[in-house]
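K.L.:
Dumping the structure here so I can ask a few things about it.
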Amino acid sequence: MIREIVKIDEELCNGCGQCVPNCHEGALQIIDGKARLVSELMCDGLGACIGHCPEGAITIEEREADAYDEVATISQMIKSGKNTVFAHLKHLQDHNETGYLQQALGFIKANREAMPFEISEVHELLHSEKKESSASGGCATGGCPGSAPVAFDAGSLKMAAPADEVPSALTQWPVQMHLINPAASYFHGADLLVAADCAGFAYGNFHSDFIKGRKMVIACPKLDQGRDIYIQKLTRLIDDSKVNTITVVIMEVPCCGGLSQMVEMSTQMASRKVPVKEVVISIRGEVLSEEWI
């Protein structure tokens, strides 16, 4: 499918690093004196980094992008040298992409004689990085720890909750549409919940009735900027992550219908077809309608 991805002109880049803190996914790093995209998987194409490049070295290119292939990515990245490869491995570890990390390590081990580093260096890197990440609150790559993809077991939360407390059914983070990465492994083949921000406050049993068994994203169609970005991300969730179903939960207020419209537009743009259910909640917390659309 067509994606928007950051492109860096290394001749113009002076390595100042002003772009790095503005990449919410932590996909940009300064390596060997130049800004480098260490994870095409995590690049959401928002372009927040562009306005912070004094040299104009960063642009957004729109191009055809195949489904993410970690083996193809790491094999090409070897050409950029040890530091870029190690930054990529650390990025996968920090963002809990254990499946892709294992694929990368498998490729490195299978081709160890062609690697510009020793396997022992990789083990040392990942072991020390895990300690560093824990000590720094999970922000070792310079990206915002609040937007790093995390999957967790809701069952463990249930065990820890007091008997009279309703446990959370949330099993992933982040949830805000601007912060989620459609390529995060926990979205693959999942049932997706697309919810209006207010719905979780209006409907009392939101966790048990809607979040349970689904991966969730939230948005406000009236106040959020970047409608086109939302549609692109939803389309990637359908085509690349191959979500199984989509449940849209909106409020009865007219502006909330914009969220259903965005989902509808994304299903029209996607090459795959997925079942979509719309649930409308009243401002008093009642289910007014529930139907497949």
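K.L.:
Kindly check whether there is at least one residue in segment 148-170 that is modelled with pLDDT of 85 or more and open to solvent by 90 Å² or more (accessible area, probe 1.4 Å).
P.N.:
Within segment 148-170, not a single residue is modelled with pLDDT of 85 or more and open to solvent by 90 Å² or more (accessible area, probe 1.4 Å).
K.L.:
Assess whether Gln18 counts as being over 23 Å from His188 (Cβ atoms) and either modelled with pLDDT of 85 or more or open to solvent by 60 Å² or more (accessible area, probe 1.4 Å) (or both).
P.N.:
Details: over 23 Å from His188 (Cβ atoms): yes; either modelled with pLDDT of 85 or more or open to solvent by 60 Å² or more (accessible area, probe 1.4 Å) (or both): yes.
Taking the combined requirement at face value, the residue satisfies it.
K.L.:
Checking the structure you have, find out if any residue of segment 220-234 is under 20 Å from Trp292 (Cβ atoms) and either open to solvent by less than 10 Å² (accessible area, probe 1.4 Å) or outside any helix (DSSP H, G or I) (or both). Working first, answer last.
P.N.:
Looking only at segment 220-234, we keep the residues that are under 20 Å from Trp292 (Cβ atoms), and these are 234.
If we keep only those that are either open to solvent by less than 10 Å² (accessible area, probe 1.4 Å) or outside any helix (DSSP H, G or I) (or both) too, we end up with 234.
Scanning segment 220-234, I find at least one residue that is under 20 Å from Trp292 (Cβ atoms) and either open to solvent by less than 10 Å² (accessible area, probe 1.4 Å) or outside any helix (DSSP H, G or I) (or both), so the answer is yes.
K.L.:
Shifting gears a bit: Quick check on my filter: what residues within segment 179-196 are open to solvent by 10 Å² or more (accessible area, probe 1.4 Å) and either at positive phi or in contact with a strand residue (DSSP E or B) (Cβ under 8 Å, 6 or more places away or on another chain) (or both)?
P.N.:
Answer for segment 179-196, where residues must be open to solvent by 10 Å² or more (accessible area, probe 1.4 Å) and either at positive phi or in contact with a strand residue (DSSP E or B) (Cβ under 8 Å, 6 or more places away or on another chain) (or both): Ser185, Tyr186, Gly189, Ala190, Asp191.
K.L.:
Next question. All but one of (1) surrounded by fewer than 21 Cβ atoms within 10 Å (Cβ to Cβ); (2) farther than 24 Å from Val166 by Cβ; (3) out of contact with any helix residue (DSSP H, G or I) (no Cβ under 8 Å at 6 or more places or on another chain) hold for Ala202, so report the exception by its number.
P.N.:
(2)
K.L.:
Which residues, taken from segment 21-49, are at pLDDT 75 or above and farther than 18 Å from Lys79 by Cβ?
P.N.:
Taking segment 21-49 first, the residues at pLDDT 75 or above are 21-23, 27-39, 49.
Of everything in segment 21-49, those that are at pLDDT 75 or above and farther than 18 Å from Lys79 by Cβ turn out to be Pro21, Asn22, Cys23, Ala27, Leu28, Ile30, Cys49.
K.L.:
Within segment 73-100, which residues are open to solvent by less than 50 Å² (accessible area, probe 1.4 Å) and without any contact (Cβ under 8 Å) to a residue 24 or more places away in the chain?
P.N.:
From segment 73-100, those open to solvent by less than 50 Å² (accessible area, probe 1.4 Å) are 73-75, 77-78, 81, 84-89, 91-95, 97, 99-100; that's our starting set.
The one that is open to solvent by less than 50 Å² (accessible area, probe 1.4 Å) and without any contact (Cβ under 8 Å) to a residue 24 or more places away in the chain: Met77.
The values are calculated or read from the model by the stated rules, or taken from the named source; none is laboratory data. Worth saying up front: this structure is predicted, and the values here are computed from it rather than measured. Ideal geometry is used to build each Cβ from the backbone, glycine not excepted, and the neighbour counts take in all protein chains shown. SASA here: full protein model, heavy atoms, side chains in, ligands and nucleic acids out. Shrake-Rupley method; radii C 1.70, N 1.55, O 1.52, S 1.80 Å.
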